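A short write-up of the structure that comes next.
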Amino acid sequence: MKIITQILGLVLFLGLLSACSQKSTTKSSQKKSTAVATSSIEKVIKTEEEWKELLTPEQFRVARGHGTERAFTGKYWDNKEEGTYSCVACGLPLFASETKYKSGTGWPSFYEPVEEEHVGEDRDNSFGMVRVEVHCNRCDSHLGHVFPDGPRPTGLRYCINSASLNFIPQAETAEKTDS
């Protein structure tokens with residue numbers, strides 16, 4: 001009886017997870033079409049060979065091949081410095097350190113992007129799960145996934161691969177604006 005209860009609980013959980021993901025994906029698709037219509041972001045398009053020359057093998061595997069780095073191995077999962085996280089492939093600013101928080105997942109987690117139009121969303125059905133993949137809206141590099149279990153004020157958890165990011169410390173950002 002205990003096993004049947006556990007199985008039913010798992011089925012209910014997966015059903016709820018799927019429903020939440022579908023609702024989020026529908027909402028994000030509506031946002032995405034609006035963002036594309038009003039977006040001022042110029043696309044960066046390169047061949048696979050050009051991306052391979054620009055990125056390390058791990059960055060290419062994750063950002064261009066939709067891979068995932070192992071938890072607690074990326075260089076930014078525990079970074080506490082102030083600054084901006086940008087796309088490793090094209091440099092578009094994606095997340096600010098003020099929105100980073102410790103989710104306990106082993107990947108850098110943020111509750112919102114620097115600009116909503118900088119991060120796009122797609123439905124991801126890989127590995128038998130329904131999730132919402134996030135990507136850079138300038139070059140379409142895979143960043144990670146977004147989940148509806150984050151902190152206030154958004155309730156979102158952008159779970160991002162370090163291999164998809166470059167970190168620009170606050171001091172360097174300030175120097176660039178002062179010049």
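The values are calculated or read from the model by the stated rules, or taken from the named source; none is laboratory data. Keep in mind the model is a prediction, meaning the values are calculated, not measured. For neighbour counting, all protein chains shown are included, and Cβ atoms are generated from backbone atoms with ideal geometry for every residue, glycine included. Remember, those area values only see protein heavy atoms, side chains included, never the ligands or the DNA or RNA. Shrake-Rupley method; radii C 1.70, N 1.55, O 1.52, S 1.80 Å.
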Mean separation of Cα contacts under 8 Å (6+ apart) over length of the range 48-128, as relative contact order %: 22
field: Heavy-atom surface of the range 42-179, accessible at 1.4 Å and reported per residue (Å²)
entry: 54
query: So who's got an amide H within less than 5 Å of the one on Gly83, skipping anything under 5 residues away but keeping other chains? H placed 1.01 Å off N, in plane.
result: Ser97, Glu98, Gln170
statement: Interchain or sequence-distant (5+) residues whose placed amide H lies within less than 5 Å of the amide H of Arg157 are Phe147, Asp149, Gly150
statement: Of the accessible area of the range 45-142, computed with a 1.4 Å probe and all protein chains kept, carbon and sulfur make up a percent value of 49
task: Enumerate by residue number the chymotrypsin sites (Phe, Trp or Tyr not before Pro) in the range 112-168 meeting two conditions: DSSP loop (anything except H, G, I, E, B), and at most 13 other Cβ atoms within 10 Å of the site's Cβ.
output: none
task: In debye, nearest 20, what is the charge dipole magnitude of the range 28-164 about its Cα centre with +1 on Lys and Arg Cβ and -1 on Asp and Glu Cβ, if you could check?
output: 320
query: So which aspartates and glutamates can Lys46 reach, going by Cα to Cα under 16 Å and dropping same-chain residues fewer than 8 places off?
result: Asp140
